[in-house]
Amino acid sequence: DAIKPPPKVKRETPSVNEGDWGSFYDPNNVFCGKFDCYKILGFDYETWGASPPSLKDITKSYRGLSRKWHPDKNKAKGAKQKFVAIAKAYEILTNIEKRAEYDHFRDRPDEYFAKYGSSVLYSYAPESDASIIMIIFLIVGSAFTYYAQKNKWQTIANHLVKAAVEDLSPREGGSTESIEIREKALALLAEKKNEESEAKSTNGVGISEKKKKGPKPTAREKREKEWDELRPICIDLVNEIDDFGAGFRKPTMHDLLVLKMVKWPYYLACSILWWSRYALRRLRKLKLNDEEKEVLTKNAVGEVTWIAASDEDRENMLTLELWKSTDNLVEWREEQEMKLAGLSANRRKQIKKSRKRGSAEVPEEDLHVD
């Protein structure tokens, strides 16, 4: 039988669309990047079988495609990019070593990664300037601490305005301060109304005017009208208060994180020094001095409660030695809750006796203001 010549390589018509150029794992662009070098020149690796394209086939395809997509002859959009890709594919496939390596890595991306690495799987960002990051952190942190302090003050201010406007009792959330603000607001409102009335009388307005007839306002409508008149005055009065005590004050430069961080080492050193002295005094079995009693009491009741307390209340806390026993602290807290509820001294004594007798809960009807 006559020997048949090897079949000619079937060459596809090269696609104009880059989406038909196949794909290849080449993240570092060692070969043709994400495209298949063979597909770019119109050959299909999956269909030629045992007859891969020869150097002659590759050169012939390259010449035809390069003439078609040369930027000097083809002014279509993307022609230059296609020409560059065609030239790169020709360069790889006409280099015996490069082509052999390309064929080897086709189904072995792990070996490609071992040799060339992968900018896709592992990409290191450029080093950032640590000083810039630190500055941004301090700016953001300082803004947060500043507005956090402002929010603390605003929370108390809003409550104080509400208590003053609505004339809330201590049991309802009012306080001595809210009562004083309300009295000042009422005085200012009365003064304002008198001035308006005098101005109308001077200008002759309202003398000949008759009262408009209509339904009389209800008690609720009168109350709401008074609230609307008092609210702006109470807000102005409350805004004049910079510090409500117990840390609820308007923010200052000292609340910025930058300044707080500067002071932290000093506060930490003072704290370590104080507790070291305290431990040494306990080892020597010395009695607690006034400063130690105050610090221990402040830690037991909380700094906010201690700062908000009057001198008389602080003296009472020290006398009760709240740091010694949990029972003392619990009993003192219950006493404070009953005071806030508006219970009289006699009622508080009755409740204490009831609890000592073993009654865990006090009937709801006992918790009322006398």
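The values are calculated or read from the model by the stated rules, or taken from the named source; none is laboratory data. From a predicted model like this one, the values you see are computed outputs, not experimental measurements. Here Cβ is always computed from backbone atoms with ideal geometry, including for glycine, and neighbour counts include all displayed protein chains. SASA here: full protein model, heavy atoms, side chains in, ligands and nucleic acids out. Shrake-Rupley method; radii C 1.70, N 1.55, O 1.52, S 1.80 Å.
Points worth noting:
- Restricted to the stretch 32-63, and to residues there that are open to solvent by 20 Å² or more (accessible area, probe 1.4 Å) and polar (S, T, N, Q), the residue that is nearest to Ala100 (Cα to Cα) is Ser54.
- For first residues located in the stretch 312-337 and at pLDDT 85 or above, partners that are aromatic (Phe, Trp, Tyr) and assigned to a helix (DSSP H, G or I) and lie 6+ apart or on another chain with Cβ distances below 6 Å form the pairs Leu320/Trp332; Leu322/Trp332.
- The test for being open to solvent by 90 Å² or more (accessible area, probe 1.4 Å) and at pLDDT below 80 holds for Lys211.
- Number of the exception - Lys263 against (1) more than 30 Å from Ala163 (Cβ to Cβ); (2) more than 26 Å from the chain's Cα centre (by Cα): (2)
- Index of the failed condition, Ala87 passing every other in (1) open to solvent by less than 80 Å² (accessible area, probe 1.4 Å); (2) in a helix (DSSP H, G or I); (3) in contact with a Lys or Arg (Cβ under 8 Å, 6 or more places away or on another chain): (3)
- Residues in the stretch 269-285 that are outside any helix (DSSP H, G or I) and either under 17 Å from Leu296 (Cβ atoms) or modelled with pLDDT of 95 or more (or both): 1 in all.
- Test: residue in the stretch 247-256 that is in a helix (DSSP H, G or I), exposed (fewer than 13 other Cβ atoms within 10 Å of the Cβ) and modelled with pLDDT under 90: yes
- Restricting the stretch 354-370 to residues that are outside any loop (DSSP other than H, G, I, E, B) and at pLDDT below 75, the residue that is farthest from Leu168 (Cα to Cα) is Lys356.
A quick yes/no check of all residues on (1) in contact with a Ser or Thr (Cβ under 6 Å, 6 or more places away or on another chain); (2) at positive phi; (3) assigned to a loop (DSSP other than H, G, I, E, B); (4) loosely packed, with under 12 Cβ neighbours inside 10 Å:
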{"residue": "Glu229", "(1), (2), (3), (4)": "no, no, no, no"}
{"residue": "Pro232", "(1), (2), (3), (4)": "no, no, no, no"}
{"residue": "Ile235", "(1), (2), (3), (4)": "no, no, no, no"}
{"residue": "Gly245", "(1), (2), (3), (4)": "no, yes, yes, no"}
{"residue": "Val258", "(1), (2), (3), (4)": "yes, no, no, no"}
{"residue": "Val262", "(1), (2), (3), (4)": "no, no, no, yes"}
{"residue": "Pro265", "(1), (2), (3), (4)": "no, no, no, yes"}
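- In the stretch 271-316, the qualifying residues are those that are polar (S, T, N, Q) and farther than 30 Å from Trp153 by Cα, and the one that is nearest to the chain's Cα centre (by Cα) is Ser276.
- Criterion violated by Gly78 - all others in (1) of a type in the set (Gly, Ala, Ser); (2) surrounded by 14 or more Cβ atoms within 10 Å (Cβ to Cβ); (3) farther than 30 Å from Arg231 by Cα satisfied: (2)
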